[in-house]
Amino acid sequence: MLLVGRAGGPEERLVPAAGFELETVNVRGLDRDAVWKNLALPAVIPASLRAGLRIVDRFRPDVVLGMGGYVMAPAVAAARLRGIPYVLHEKDVRPGLATRIFAGGAAAICTTLPGTEKRLNGRRVTLTGVPLREGFAPRVPDVPPRRLLITGGSQGARNLNRAVWSALEELCRSFEEVVHVAGRQGAAGVTEHAHVRYTGMAFTDDMASLMSRADLIVSRAGVGTIAEATAVGLPMILVPGTFGGGHQEENATAMVDAGAAVRLGDAELSGPSLVATIQGLDGDRLRAMAKASASAGRRDAAQRVLTVLHEVARR
């Protein structure tokens, strides 16, 4: 097995540390929020494709797995040019640009949330979920909830952090423990807010442990957090981010439609609206959300993806 990643990315540290072989490519994606950053793409794309071809020609894979996003493009494009079967994995309900570009030649497409298959009509789509780290074990959350977990992802969510801190006293009266992962942009804020029932941190490598103690989670609607929360079976209050073309809105909708979450819009987010949303969830609603969340979880996602890969490689 060979992993291909972005030169300068965290994979340069993580992959060798995990004991796997890594090749890197100098590749960049299309930036929709800062268009001027795309000026270098006409030079970067051909060079990254040539690098992808060199890697594929040397390694001679039986099958290539593209895990979504622009980083997969050089290896997947090389596989397509060389006639090697490839499988795509799409994390969001709305397929990203790279998935849309390469979907036509894919031997199979694995998806994470229901609804993606409607965007990929005519393709061979399998709902696998997204592979997770170990430790996300199912449990039945307490009702009424005793422990609240709030996270905005690794970078944090400025509006969510502000809402939490403005409502901190009320939240700490309602819960025995409030755990808040504020992200890098909230690192300074967590040290400025103190309460015996409040634990703030900028980042954690052990989200599984935090979720194993939580009874309710408030978060952005990123697929990683949704997958982890549903693997545990947590009811969710999702505050979809407005970045990246608003793709998180559709992730949140999928979970709301499944009955596992309620949505709180970023524009409406404030301390009072956060508290009101939490208080609006009675015991019956929370139990139903937890049950729906557990039903949506895919703890065997890695094995499901492997099954698809083996089927494709044997054709």
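Taken together, the values in this text are just the output of simple stated rules run on the coordinates, not laboratory data. Since we're looking at a predicted model, the values are computed, not measured. Using ideal geometry, Cβ is built from the backbone for each residue, glycine included, and neighbour counts are taken over all protein chains shown.
General remarks:
- 15 Å cut-off, amide nitrogen to a point 7 angstrom out along Ala313 Cα→Cβ, residues in segment 61-75: 61-66
- Virtual paramagnetic centre 7 Å along Cα→Cβ of Phe59, amide N under 20 Å, in segment 111-152: 131-132
- Extension gain, Asp257 to Lys118: 0.36 nm times the residue separation minus the Cα-Cα distance gives 48.5 nm.
- Between segment 70-129 and segment 251-271, the alpha-carbon center distance in angstrom: 26 Å
- Between helix 247-258 and the chain: long-axis angle, C-alpha atoms, 0 to 90°, nearest 10: 60 degrees
- Within the shell of other residues whose beta carbon sits under 13 angstrom from the beta carbon of Ala78, the net charge comes to +4, with Lys and Arg scored +1 and Asp and Glu -1.
- Checking (i) 52; (ii) 63; (iii) 57 against the coordinates, the calculated percent of Cα pairs over 24 Å apart falls under label (iii).
- The phi torsions of segment 114-119, fed into the Karplus equation with coefficients 6.51, -1.76 and 1.60 and a -60° offset, translate into couplings of x, x, 5, 4, 5, 8 Hz, rounded to whole numbers, with Gly and Pro shown as x.
- Ordering Leu88, Val223, Leu286 by the projection of their Cα atoms onto the charge dipole of the chain, which places +1 on the Cβ of Lys and Arg and -1 on the Cβ of Asp and Glu, puts Leu88 at the extreme positive end.
- With Cα atoms, 0 to 90° folded angle of helix 223-232 axis to the chain main axis: 60 degrees
- Among the GluC sites (Glu not before Pro) found in segment 38-146, those both in a DSSP coil and sparsely packed, with 13 or fewer other Cβ atoms within 10 Å of their Cβ, are Glu134.
- 0 to 90° range, to nearest 10: angle between helix 301-314 axis and the chain longest Cα axis: 10 degrees
- Here r is the Cβ-Cβ distance between Arg100 and Arg146 and R0 is 45 Å; the resulting FRET efficiency, rounded to 0.05, is 0.55.
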